[in-house]
Amino acid sequence: MRGLEITFDSVSKSYGTHVAVRDVTATIRPGAITGFLGPNGAGKSTTMRILLGIDKPSSGSALVGGRPMSALDAPGRTVGAMLNASAVHPRRTARDHLAWVAAANGLPRSSISPALERVGLADSGHVRASRLSLGMRQRLGLAAALLGDPSVLVLDEPLNGLDPEGIVWLRDALRAFAADGGNVLLSSHLMNEMQATADRVIVLHRGVLVADMAASDFSARTTGAIRAASPDVHRLRERLERAGGTTRAVRDRPDAIDITELDTHTVGVQALEAGVPLTELWTHEGTLESAFLELTATGESR
Amino acid sequence: MKTALLSELLKLRIFMPLALIAVGAGPAVAVIICATLPVTQNSGLADLSAENIVSASALGLDACAVATIVLASVAVGSEFSTGQITQSLWLTPRRRTLFGAKLGSVGIISIGITIVALAGTSVVAAIALAIGGHDPFAVVAGNSIRTLFGSALMPVFYGLVAACAAMVFRSTGGAIMTALTLVLVAGITPWFGDRVAEALAPVSPSAAIHSVAGLASHVEELGALGGTVTLVCWIVAASVIAVTLFARRDGGS
C-alpha cells in the first residue's frame with residue numbers, strides 16, 4: 001500500500017463571528033500515525049470534516065493526494081473515515097449498515113462478513129444499531145472505515161468506548177496500517193493512548209495550530225522539570241528561586257511546585273540547608289499529557 | 001451515480017413497513033369509500049355511474065400519497081437527525097450526485113408503491129363495479145383509466161416534493177409539513193371563490209393532477225399537457241432549491 005499525503009493549506013472556518021479554525025497549514029505524510037490533539041472546541045473535528053468534504057472551509061483547502069475529496073474517483077476506497085460512531089440509523093442492523101456503505105464503495109456484499117469479523121462483530125451482524133453498546137458502535141464505525149481497504153484513515157476519537165482489548169487491537173491495527181505505508185490521522189483525548197500510538201502530533205488550540213512535531217519531541221518539552229512537595233512550600237520556593245531556579249505552582253496541589261533550571265541534587269541540598277522538609281522530590285518524565293497541558297494552558301505558538 | 005443510487009436504495013430497506021402501509025392504504029381506503037358510498041352519496045352502487053365509483057375508489061391513492069409523503073420525509077429527514085449524512089457525504093462528497101441519488105431512490109420507491117397501490121385500488125374499483133351490477137372492466141375503459149392513472153401521479157409527485165423539502169429543512173417534520181400544506185392548500189382554495197381558484201390553478205399541483213386525471217373543475221382545468229407541465233415545473237423548482245442549498249451548506253450534524 002502507498003498512502004497519500006494529507007495537506008491543509010491555510011484552512012480557516014468561521015461560523016458568523018466565531019472563528020473555529022484559523023489558518024491551519026500542515027502536511028501529514030504516509031507511513032506514520034499522526035495524532036490530532038486539542039481541548040474540546042479546539043477545531044479538531046471541524047478540520048477533519050473539512051478534509052472529508054462534509055463542511056466547507058471559509059478559506060484555504062484540505063486535500064488528499066493533492067485533490068479534494070469530491071475529486072477522488074472512489075472516496076471511500078481512498079479515505080476511510082469515522083467521525084461519529086453513533087451516526088447510524090438506530091433501526092439498521094450492523095450488516096445492513098455495512099451493506100449501504102459497501103454499495104456506495106462499489107463493493108460486493110461478500111465484503112461485509114470479513115469486515116465484521118475483522119472488528120470482532122461477526123456475531124452481531126443482525127443486531128440493530130440501537131442495541132449496540134458504544135464500544136460495538138465504535139467497532140462498526142471502524143468496520144465501515146476499513147471496508148473499502150483505503151490508504152488513508154481519518155478517525156475522530158476512535159478509542160471512545162472501546163474496552164482495553166479493543167484499544168490494543170486498534171493500536172496494533174493502526175500501527176500495521178501505517179507500517180504498510182498507510183496514512184493515519186486520528187484525534188483522541190486519551191493522552192496515554194495517544195502517546196502509545198502516535199508517531200507525530202498536531203496540536204490545535206482555539207482553532208490555531210500550536211504544535212506540529214514528532215510525538216517524542218513534543219513529550220520531551222516537559223522532560224527535566226522537577227516536582228517537589230513540602231508542608232512549607234512557600235519557604236522552599238523562595239529558597240530555590242534565590243538559588244537560580246524557576247518555580248511554578250502545580251494545579252490542585254497547593255503543597256507542590258515544579259522547578260526548572262536546577263537538578264534534584266541541588267533542590268535537595270537547598271531544602272536541607274533551609275531546614276524545609278520534603279515530602280516529594282522527583283524528575284518529570286516527559287509525557288504527551290503534560291506537554292499538552294502546558295502548551296494549551298499557555299497557548300504557546302509553534 | 002450508480003453506486004450512490006444503489007446505496008440509497010439499500011438505505012430504504014428499513015422503511016419497508018412504511019412502504020407496505022403506503023401500498024395498503026390505497027386499496028384499504030378505496031374499500032372504505034366504496035362501502036360508505038350509499039351513505040355519503042345517498043345512492044347505492046347500482047345507482048351510481050361506473051365513472052363515479054372509479055373516481056371514488058381513486059381517493060384511495062390520496063391516502064397512498066399521504067403515506068408516501070411520510071415515507072419520503074422520514075427516509076431523507078432521518079439522514080440528518082441521526083447524523084448519518086456525514087457518512088453519506090464522506091462516501092459521496094459530490095453533493096449533486098448524492099442529492100440525485102436520494103431523489104432517484106425516493107422516486108423509484110414511490111413509483112413501486114404507486115404501481116402496487118394502483119393495481120390494488122383498481123381491483124377494489126372493479127369489485128365495487130361488479131357489486132353494483134356494472135361491467136367490472138369499465139375500470140380500464142374510457143375516462144376511468146385516465147382517472148386512476150392521473151391520481152396515481154400523487155404519491156410520486158408528493159413523495160419527490162417531500163424528499164426535496166427534507167433536504168431543505170433537514171428535518172422529517174419540516175418535510176411532512178411542507179408536502180401536507182401543498183395538499184391542504186388545494187383543499188381550501190375553493191373556499192375563497194372561483195376567481196382565486198382560477199388564478200391559482202396554473203401553479204396548483206392539485207389542479208394539475210386533477211387536470212391530468214380528468215377530474216378538474218371548470219376553474220382549475222389546465223388540460224392533460226398543462227397539468228403535466230405544472231407538475232414537472234414544481235419538481236424542477238423544488239429540486240433546484242434543494243440541491244442549491246445542499247451544495248452550499250455544511251453537511252450538518
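The values are calculated or read from the model by the stated rules, or taken from the named source; none is laboratory data. Every value quoted in this text rests on a predicted model; they were computed, and no experiment measured them. Neighbour counts are summed over all protein chains in view; Cβ atoms, including those assigned to glycine, are modelled from backbone coordinates with ideal geometry. Note: areas computed on protein heavy atoms with side chains; ligands, DNA, RNA excluded. Shrake-Rupley method; radii C 1.70, N 1.55, O 1.52, S 1.80 Å.
Annotations for the structure displayed:
- Selection count, region B:190-229, where residues are surrounded by fewer than 22 Cβ atoms within 10 Å (Cβ to Cβ), among the β-branched types (Val, Ile, Thr) and part of a helix (DSSP H, G or I): 4
- Of all residues in region B:164-179, those satisfying the criterion of being among the aliphatic types (A, V, I, L, M) and touching a residue at least 60 places away in the same chain (Cβ under 8 Å) are B:Ala165, B:Ala166, B:Met167, B:Val168, B:Ala175, B:Ile176, B:Ala179.
- Selection status of B:Ala242, within 30 Å of B:Gly100 (Cβ to Cβ), in contact with a helix residue (DSSP H, G or I) (Cβ under 7 Å, 6 or more places away or on another chain) and crowded, with 21+ Cβ neighbours inside 10 Å: yes
- Qualifying residue in region B:129-150 (condition: without any contact (Cβ under 8 Å) to a residue 60 or more places away in the chain, more than 19 Å from B:Ala65 (Cα to Cα) and open to solvent by less than 30 Å² (accessible area, probe 1.4 Å)): no
- Of B:Glu8, B:Glu51, all but one fail to be of a type in the set (D, E, K, R), touching a residue at least 40 places away in the same chain (Cβ under 8 Å) and within 14 Å of chain A (Cβ to nearest Cβ); the exception is B:Glu8.
- Pair list, Cβ < 7 Å and 6+ apart or interchain, from region B:180-196 residues that are more than 20 Å from B:Ala67 (Cβ to Cβ) to residues that are open to solvent by less than 80 Å² (accessible area, probe 1.4 Å) and at pLDDT 80 or above: B:Thr189/B:Ser204
- Selection within region A:43-67: residues that are hydrophobic (A, V, I, L, M, F, W, C), more than 9 Å from chain B (Cβ to nearest Cβ) and under 19 Å from A:Leu174 (Cβ atoms). The member of this set that is nearest to the chain's Cα centre (by Cα) is A:Met48.
- Condition check for B:Ile14: surrounded by fewer than 24 Cβ atoms within 10 Å (Cβ to Cβ), over 30 Å from B:His210 (Cα atoms), touching an Asp or Glu at 6+ places or on another chain (Cβ under 8 Å) and in contact (Cβ under 8 Å) with a residue 24 or more places away in the chain: no
- Contact map, region B:237-251: first residue more than 14 Å from chain A (Cβ to nearest Cβ), second residue open to solvent by 20 Å² or more (accessible area, probe 1.4 Å), Cβ cut-off under 7 Å, separation 6 or more or different chains; pairs are B:Ser239/B:Leu103; B:Ile241/B:Val168; B:Ala242/B:Val168; B:Val243/B:Arg96.
- Count of residues meeting criterion [within 7 Å of another protein chain (Cβ to nearest Cβ), touching a residue at least 24 places away in the same chain (Cβ under 8 Å) and among the small types (Gly, Ala, Ser)] in region A:68-85: 2
- Within region A:70-79, being hydrophobic (A, V, I, L, M, F, W, C), surrounded by fewer than 24 Cβ atoms within 10 Å (Cβ to Cβ) and either touching a Cys at 6+ places or on another chain (Cβ under 6 Å) or under 23 Å from A:Ala178 (Cα atoms) (or both) holds for A:Leu72, A:Ala74.
- Residue tally, condition at the interface with another protein chain (Cβ under 7 Å from one of its Cβ atoms), under 11 Å from B:Lys11 (Cα atoms) and out of contact with any Lys or Arg (no Cβ under 7 Å at 6 or more places or on another chain), over region A:93-110: 3
- Some residue of region B:63-74 being closer than 14 Å to B:Pro155 by Cβ, touching a residue at least 12 places away in the same chain (Cβ under 8 Å) and within 14 Å of chain A (Cβ to nearest Cβ): yes
Residues are listed down the side, and each one gets a yes or a no for (1) surrounded by fewer than 22 Cβ atoms within 10 Å (Cβ to Cβ); (2) within 9 Å of chain A (Cβ to nearest Cβ); (3) free of Cβ contacts under 8 Å to residues at least 24 places away in the same chain:
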site: B:Phe80; (1), (2), (3): yes, no, no
site: B:Ile85; (1), (2), (3): no, yes, no
site: B:Arg96; (1), (2), (3): yes, no, no
site: B:Phe99; (1), (2), (3): no, no, no
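- Wholly within region B:1-83, helices (runs of 4 or more DSSP H) carrying at least 3 residues that are under 22 Å from B:Thr114 (Cα atoms): B:2-11, B:16-35, B:50-57, B:60-81
- Any hit, region A:18-29, residues being open to solvent by 50 Å² or more (accessible area, probe 1.4 Å) and within 14 Å of chain B (Cβ to nearest Cβ): yes
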